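First the structure, in the form of structure tokens, and then the observations on it.
Please treat every number below as a calculation from the coordinates, not as lab data. Owing to the predicted nature of the structure, the values given are computational and were not obtained by experimental measurement. No Cβ is skipped: glycine too gets one built from the backbone with ideal geometry, and neighbour counts run over all protein chains shown.
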Amino acid sequence: MPNRPYIVGNWKMNGTRAMLSEARAIDRAAARYPGVQVALAPPFTLIAAMAAEAQAIGIGGQDCHTAVKGAHTGDISAAMLADAGAKLAIVGHSERRGDHGETDAVVKAKAEVALAQGLGVIVCVGETLAERDAGNAEAVVKGQVAASLPDLPEEPQRVAVAYEPVWAIGTGRVAAVSDVIAMHRAIRATLTQAWGAEGAKVRILYGGSVNAENAGDLLAAEGVGGALVGGASLTAESFLAIVAAASSAREE
Ligand code: 13P
């Protein structure tokens with residue numbers, strides 16, 4: 001099982017060229033943590049500029065279309081991401097599922113096209129508060145994983161799953177470590193069901209209000225292979241504190 005923690009910053013719809021200096025600082029400092037794999041997913045407009053300079057970190061897109069090219073105004077394909085220097089694509093983020101009506105089938109198609117273009121993918125899943133309160137969190141997330149996961153690729157280690165409970169995103173309300181452990185175990189079981197032994201090669205990340213204070217406990221938890229970080233990835237100072245926590249959690 002891959003044990004290098006994977007710390008990914010998702011800038012969402014934040015960042016103009018003025019913020020390239022933050023990415024530069026993150027890249028420079030990440031070189032000091034070879035035991036941690038670090039990536040940033042800026043808005044599409046910054047990918048090429050960041051990728052041209054990045055040495056220690058991977059640069060990725062926050063989405064891609066299911067097609068490689070065509071009449072889809074405003075969309076970006078996985079081939080275009082790769083051409084701009086991206087190494088990965090996030091697919092199925094709850095904000096995409098919510099804002100753009102993306103279904104599990106669409107997310108699966110996006111993951112497959114991204115893999116076919118040579119990118120790594122992070123498939124996002126997570127329950128809403130209503131689903132958790134109704135006692136359905138595990139069933140919902142297992143269902144999302146089973147239906148959003150690409151068919152077994154040649155290099156399953158290029159796939160990561162991010163568990164991001166919707167109620168924990170941008171709210172400052174982080175999931176309890178025990179709940180994260182239980183959910184990651186359920187996700188692992190679903191991966192093994194789908195891919196057999198190869199399912200062990202997928203890293204499972206946690207996302208939702210991860211910050212410098214809570215990262216250490218989350219990243220040391222059983223089955224947590226990294227973090228997908230929103231707000232706290234927007235400055236080098238806060239993001240690097242999480243990278244440092246991942247490095248220490250690994251050494252413990
Ligand atoms: P926050 O870290 O801002 O809660 O966002 C999490 C997220 O959605 C990352 O993809």
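What to note about this one:
- Rounded Å value of the spacing that divides the Cα centres of segment 95-120 and segment 4-75: 17 Å
- Largest GNM mean-square fluctuation among Tyr206, Tyr33, Tyr163, using the chain with Cα springs under 10 Å: Tyr33.
- Residues of type aspartates and glutamates that Lys69 reaches as a straight line, Cα spacing below 16 Å, ignoring anything fewer than 8 places off in the same chain: Asp83, Glu112
- Contact order normalised by residue count of segment 1-115, Cα under 8 Å, 6+ apart, percent: 22 percent
- Cα shape, segment 88-242, gyration tensor, a/c 1.5 rule: rounded
- Efficiency of FRET between Ala25 and Ala134 - r from beta-carbon atoms, R0 45 angstrom, step 0.05: 0.55
- Under the Karplus curve 6.51 cos²θ - 1.76 cosθ + 1.60, θ = phi - 60°, whole-Hz ³J(HN,Hα) for segment 203-218, x wherever Gly or Pro sits: 7, 10, 9, 9, x, x, 6, 6, 9, 4, 6, 9, 4, x, 5, 5
- Amide H contacts under 5 Å for Gly120: Leu88, Ala89, restricted to partners 5 or more places along the chain or on a different chain, H placed in the peptide plane at 1.01 Å from N.
- Segment 65-82 - phi-based ³J(HN,Hα) in whole Hz, Karplus 6.51/-1.76/1.60, Gly and Pro as x: 7, 7, 9, 7, 7, x, 7, 9, 3, x, 8, 10, 8, 4, 5, 5, 4, 4
- In this calculation the C-beta distance from Glu154 to Arg17 is compared with R0 = 41 Å, giving a FRET efficiency of 0.65.
- Ala200-Ala220 pseudo-label distance in nm [points 7 Å out on the Cα-to-Cβ vector]: 2.6 nm
- Think of each Lys and Arg Cβ as +1 and each Asp and Glu Cβ as -1; about the Cα centre, that makes the dipole of segment 8-161 roughly 460 debye.
- Loop-located GluC sites (Glu not before Pro) across segment 171-234 with a Cβ neighbour count of 10 or fewer within 10 Å are Glu222, with loop assigned by DSSP.
- Put simply, the amide H of Val229, placed in the peptide plane, has neighbours under 5 Å in Val8, Gly9, Asn10, leaving out anything fewer than 5 places away on its chain.
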